[in-house]
Amino acid sequence: MKIGFVGLGHMGAPMALNLLKAGHTVAVFDLSASAMQTLAEAGAQKAASAKAAASGAECVITMLPAAAHVRSVLTAEDGVLAGIAKGVTIIDSSTIDPASVKEFAKLAAAQGNAFVDAPVSGGTGGAAAGTLTFMVGGSAEHYESVKPVLSGMGKNIVHCGETGTGQVAKICNNLVLGVTMAGVAEAMALGEALGIDPKVLGGIMNTSTGRCWSSDTYNPYPGVIETAPSSRGYTGGFGTDLMLKDLGLATDAAKGVHQPAYMGALAQQLYQAMSSHGDGKLDFSAIIKLYRGEKG
Ligand code: NAD
């Protein structure tokens, strides 16, 4: 297929590379010239704008930081909607709020284009390996039409329901993740203060009812899980500021439907405190520093 790809950051660049490897023709656009150059060296066509990347494409993918970027990439004079042919589907894999997705879907529909939300989980490792999970929001027909393209970048392509539900799945999952990490960090620090060996405590949790991804894969206490970011100075994982962004999306969405988000709101404040201490770039499991009396 001829694919237009906008947003070649930590996630977008490896995703676009995998589309090239899968045999697609990819026209790329990013504000960063060096990001475009890297993709061009791998066989992509450099486009002069998002509009140019969308022109002649049979599918357009966006992978951008937040809703404001997606809005501008879609609606600017030299944006996607100005260049895309009627009937071509836009897939947005950025993590944004479900309300914006619905707004963008309306804008696209007004000129005969489908807009499908397909946020991802799996991080930069999953993006590079082509093993991402895509949470797809759109009609069954649109899901079937985007599945072959997404399969070039991911392993699990899940239809979540109508437009916007991909983002609902993403932010609800990350709400759980943010809260469980805070809970495991709190318990590990308490255990340390009360004198138990952290490795013993971590092992007990993982064969008991406290077990979760934050305890068995990403334990925040250094040295408990050798492959976790906590065992390498909280580097190279899922950044605190990204978790903060996702919890903000969850609590805002909760406000929009008058739904309480007690734990999410508290977790959001904890990650915000970390960020204000200068730890925003560290893996989010560094939240344990708040409990162990360490600051950034
Ligand atoms: P990033 O900041 O590394 O990349 C964003 C890219 O978009 C940059 O290259 C930037 O130059 C480009 N960009 C911004 N505005 C643009 C514009 N107007 N036109 C063209 N290009 C523009 O972000 P990322 O880590 O790749 O994340 C992208 C999205 O994926 C975010 O919504 C994030 O929440 C989500 N996500 C990230 C991860 C992760 O581990 N990094 C995991 C899951 C989901």
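Odds and ends about this structure:
- In summary, the lysines within cross-link reach of residue 2, defined as a Cα separation below 25 angstrom excluding same-chain residues under 8 places away, comprise 21, 46, 51, 86, 106, 147, 155.
- Size descriptor for region 2-161, Kirkwood hydrodynamic radius: 15.0 Å (Cα pairs only, one decimal).
- Theoretical ellipticity at 222 nm over the chain - DSSP helices of four or more residues, -39500 (n - 2.57) apiece, nearest 500: -14500 deg cm²/dmol
- Here the Karplus curve 6.51 cos²θ - 1.76 cosθ + 1.60, taken at θ = phi - 60°, turns the phi angles of region 204-216 into couplings of 4, 4, 6, 10, 10, 6, x, 4, 7, 4, 5, 9, 8 Hz, with x standing for Gly and Pro.
- Net charge dipole size for the chain [Lys, Arg +1 and Asp, Glu -1 on Cβ; Debye, nearest 20]: 180
- 5 angstrom amide H check on residue 161, placed H, neighbours 5+ away: 138
- Around the amide H of residue 57, modelled in the peptide plane, lie the amide H atoms of 85, all under 5 Å away and 5 or more residues distant in sequence or on another chain.
- Here the Debye sum runs over all C-alpha atoms of region 20-59 as equal scatterers in vacuum, and log10 of I(q)/I(0) at q = 0.20, 0.31, 0.32, 0.34 Å⁻¹ comes out as -0.55, -1.10, -1.13, -1.18.
- Every Cα-Cα pair in the chain was counted, and those over 35 Å apart are 23% of them.
- Per residue, in Å², the accessible surface of region 2-161 once ligands and nucleic acids are set aside, probe 1.4 Å: 40
- Estimated inter-spin distance, residue 66 and residue 107, nm [label 7 Å along Cα→Cβ]: 1.6
- Extending 7 Å from Cα along the Cβ direction at residue 141 and again at residue 33 yields two label points whose distance is 4.5 nm.
- Residues with amide H under 5 Å from that of residue 45, placed H, sequence gap 5 or more: 26, 27, 28
- Approximate spin-label separation residue 226-residue 252, in nm, with each point projected 7 Å along Cα-to-Cβ: 4.2
- For the pair residue 207 and residue 42 in one chain, pulling the backbone fully straight at 0.36 nm per residue adds 54.9 nm over the alpha carbon distance.
- The antiparallel fraction among DSSP beta bridges confined to the chain stands at about 15%.
- Difference of contour (0.36 nm per residue) and Cα-Cα distance, residue 99 to residue 124: 6.4 nm
- Here the mean projected area of the convex hull built on the C-alpha positions of region 168-291 is 7.5 nm².
- Sequentially through region 280-291, phi angles give Karplus couplings (6.51, -1.76, 1.60; θ = phi - 60°) of x, 8, 6, 4, 5, 5, 5, 4, 4, 4, 4, 8 Hz, Gly and Pro residues having no value and appearing as x.
- Radius of gyration and Dmax over the Cα atoms of region 52-105, both given in Å: 10.5, 29
- Extreme residue, positive dipole direction of the chain, given options 183, 37, 275 (C-beta unit charges): 37
- HN-Hα J in Hz across region 11-24 - Karplus 6.51, -1.76, 1.60, θ = phi - 60°, x for Gly and Pro: 8, x, 4, x, 5, 5, 4, 5, 5, 4, 4, 6, x, 7
- According to the Cα-based calculation, Rg over Rh for region 88-240 is 1.10, with Rh computed by the Kirkwood formula.
- Once all protein chains are placed together, residue 238 keeps about 50 Å² accessible to a 1.4 angstrom probe.
- Taken over region 242-296, the percentage of Cα pairs per 10 Å bin, counting from 0 up to the bin with the maximum distance, is 26, 49, 21, 5.
- Segment residue 156-residue 78, length gained on full extension (0.36 nm per residue, minus Cα span): 24.8 nm
- Solvent-accessible area of residue 1 with every protein chain in place, 1.4 Å probe, in Å² to the nearest 10: 90
The values are calculated or read from the model by the stated rules, or taken from the named source; none is laboratory data. Keep in mind it's a predicted model, so treat the numbers as computed, not measured. As a convention, Cβ positions derive from the backbone with ideal geometry for all residues, glycine included, and neighbour counts pool all protein chains shown. Surface accessibility is based on the protein's heavy atoms, side chains included, excluding ligands, DNA and RNA. Shrake-Rupley method; radii C 1.70, N 1.55, O 1.52, S 1.80 Å.
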